[in-house]
Amino acid sequence: MYRILIADDEAYIRDLVAKNINQSELDMEVVGCAEDGKEAIDMVKELEPDILITDICMPNISGIDLIKAIKESGVNVKTVIISGYDDFAYAKSAMELGVTNYLLKPFLPDELYEVLGKIKEELENKASLLRNMTELQTQFEDNVLYIQERFIKNLLQDKSDSANVIQEGKSIRLDLEGNYYCSGILKIQSDSLKNKWNFSNQNVVEEFLIIIKDEYFDKSIKTYAVSFHDNQLTMIFCSTHTDLYEFYSGIRSSFERMNQSLQKYYNMQLICTLGKIYSKVEQLSSSYKEALSVIKYILPEDKCVIHYDEAKQMRDMLQKETVQKKPQELKEELILNIKLAKKEKALLLLDKILKYYEGLYATNPEFAGMSIFELVFSIETALMESGETSNIWQEDEMKQYFKNQILCGTLLDTKHLLQNYIIRKCDEFSNIIINQSDKLIYDIKILIKHNLSNEDFNLESASAQLFFSPNYVRQLFKQKTGEGFTEYLIRMRMEKASELLKDPFSKIQDISEVTGYSNQRYFSSCFKKYYGCTPTEYRDRITADK
């Protein structure tokens, strides 16, 4: 219901207007009547009416002066002027003050209702507009984080079509003015899955920024962040520094202090890779690509912050040292040590293998990525052959790894995952082989299986690797298996040879070497002594039986 104040020095007019309004269906009420302009000013302040109906000519303070005083006080009131034909000069002054609603004396009730109806429509339109503006503002407040997130992601992915990035940023409360710009990728590593920081949505990202901004970054570096994937954060740094090196040093020292805190209080490690520094905000997409290339293919040692140029130098050095072939021997040795439950040795071998792939990533990332997948499955296959019943597809950690590896996998993620995986597998084998003598027999058989192609492998070399005397190994093996060490070694080689001979395309010379005989003639002699026929005759029999 709209509130009306009437100001007129004639009582009968005040009463008549009030009576007509109160009896109408306009949904309006008269909240007060003033005898002159001075009284009206006080009543406007006290009653806060929506509409003022005032005579233009009143003693002490005229209607024009009343309207002017109300306007100067900042109160927003719709005004209706009551005037006569002789008051045109006053009416002209009222128009200059923005008054457009008039009633000419004498007027009928319908004329009053028409003017008030028009004002009511204006007030309702204004109220509707204010509601819409409030709703839009509320929607903006509710979605501002999402709007900022989309803006930053488009900027980083070079999808922004804005003619003025800085100005558009200001419109959504992002201050991107600066002298230098840089993008970085942040990961927080933890040995425990439960303690990993999951940047699952922009609210989490904003909470993280609030924590680090005031604590670690000085005011000359503005920071914004988004998350393309749950396990890493993409950051933008805007600097008002006039010196490029000071800007870079400021970012590095901030993250180094943050890393110290994470390690001290949460047992977490921070890794941040930075792209190049640019002087234009539009070049942030280039800096992001550079930072992304570093985080995917680098294994940081002692550094928690690595710049693109530093990473490039590290890759160049690794490439010079890397031979373009798969580290097959290292992989076989790794699997052997997992089976022997030698945890520390297995982890050292893993480091060597991943260092090899780190050097390959710069020139052949697809080959390196596929080789790492192959390594994971080779370990699993070898363990299943040894009687292990576990399956990587049954492990949530492994399933999540393969999913993330496709989306945003990094060599560092691979290292942490395989370290945990190898430790678990070594522990499982260690628990299975509890009895010392049974474990030793198990280790001997594993060594024999992995050295069938090694012509120099014998009882002495096996004993040396196991740190037992040859006599003890000989006696224990015979006691536990009923078969001598050398007899068992020859039998394993012959059985493998007989299996390989089933393939008609396998050359006998190749089979000879794979089973530990560099001399084919000597291999044929040993094979005949064991099976009663030469390798060629053995193959012919198999072919004839088919």
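Read-outs throughout are calculated quantities, based only on the coordinates presented, and are distinct from any laboratory measurement. Just so it is clear, the model here is predicted, and its values are computed rather than measured. Note: ideal-geometry Cβ built from the backbone for every residue, glycine included; neighbour counts use all protein chains shown.
Give me the net charge for the shell around Gly178: Cβ to Cβ below 14 angstrom, other residues only, Lys and Arg +1, Asp and Glu -1.
Result for the local shell: -2.
Keeping to pairs on different chains or 8 or more places apart, tell me how many lysine pairs in segment 465-545 have Cα atoms under 27 Å apart.
12
Classify segment 165-319 from the C-alpha gyration tensor, please: rounded if a/c falls under 1.5, else prolate or oblate depending on whether a/b exceeds b/c.
Oblate shape, in that a/c is at least 1.5 and b/c is the bigger or equal ratio.
About its Cα centre, what dipole magnitude does segment 471-546 give when the only charges are +1 on Lys and Arg Cβ and -1 on Asp and Glu Cβ, stated in debye to the nearest 20?
220 debye
Near the amide H of Leu103, under 5 Å away, which other amide H atoms are found, from residues 5 or more places off or on another chain, if H is placed in the peptide plane?
Here the answer is Ile81, Ile82, Ser83, since their amide H atoms fall under 5 Å of that of Leu103.
If I model a spin label as a point 7 Å beyond the Cα along the Cα-Cβ vector, how far apart are those points for Ser461 and Glu428 in nm?
Distance between the two pseudo-spin positions: 3.0 nm.
Taking a cut-off of 22 Å between Cα atoms, list the lysines near Lys280, but don't count ones fewer than 8 places away on the same chain.
Correct list for Lys280: Lys153, Lys159, Lys170, Lys219, Lys222, Lys289.
Please give me the summed charge of the neighbours of Ser430: other residues whose Cβ is under 10 Å from its Cβ, Lys and Arg +1, Asp and Glu -1.
It works out to a net charge of +2.
How do Glu246, Glu72 rank when sorted from fewest to most other Cβ atoms within 10 Å of their own Cβ?
Glu72, Glu246
Please give the Cα centre distance for segment 243-284 versus segment 473-534, rounded to the nearest Å.
Segment 243-284 and segment 473-534 have Cα centres spaced 60 Å from each other.
Based on the Cα atoms of segment 17-70, what semi-axes does the equivalent ellipsoid have, where each is the square root of 5 times one gyration tensor eigenvalue, given in whole Å with the largest first?
Gyration-tensor ellipsoid for segment 17-70: 21, 12, 9 Å.
Once the dipole of segment 2-107 is set up with Lys and Arg at +1 and Asp and Glu at -1 on Cβ about the Cα centre, which of Asn22, Met43, Ile70 lies farthest towards its positive end?
Highest projection toward the positive end goes to Ile70.
Positive end of the charge dipole of segment 465-545 (Lys, Arg +1 and Asp, Glu -1 on Cβ, about the Cα centre): tell me which of Gly532, Tyr522, Phe468 has its Cα farthest that way.
Phe468
Taking 7 Å along the Cα-to-C-beta vector as the label spot, tell me the Tyr146-Gln313 distance in nanometres, rounded to one decimal.
About 4.6 nm, to one decimal.
For segment 2-107, how big is Rg over Rh, using alpha carbon atoms and the Kirkwood form of Rh?
Rounded to two decimals, Rg over Rh is 0.93.
Which percent of Cα pairs goes in each bin when the distances of segment 465-545 are cut into 10 angstrom slices starting at zero?
Per 10 Å bin, starting at 0, the Cα pair percentages come out as 17, 42, 24, 14, 2.
Cβ under 12 Å from Tyr442's Cβ, Tyr442 left aside: what net charge do those residues give with Lys, Arg +1 and Asp, Glu -1?
Charge balance in the 12 Å sphere: +3.
What size of dipole, in debye to the nearest 20, comes out for segment 2-107 about its Cα centre when the only charges are +1 on Lys and Arg C-beta atoms and -1 on Asp and Glu C-beta atoms?
280 debye
Would you order Asp36, Asp27, Asp540 from fewest to most other beta-carbon atoms within 10 Å of each residue's own beta-carbon?
Lowest to highest Cβ neighbour count: Asp27, Asp540, Asp36.
Quick check on the exposure proxy: order Ile21, Ile152 from fewest to most C-beta atoms within 10 angstrom.
Lowest count first: Ile21, Ile152.
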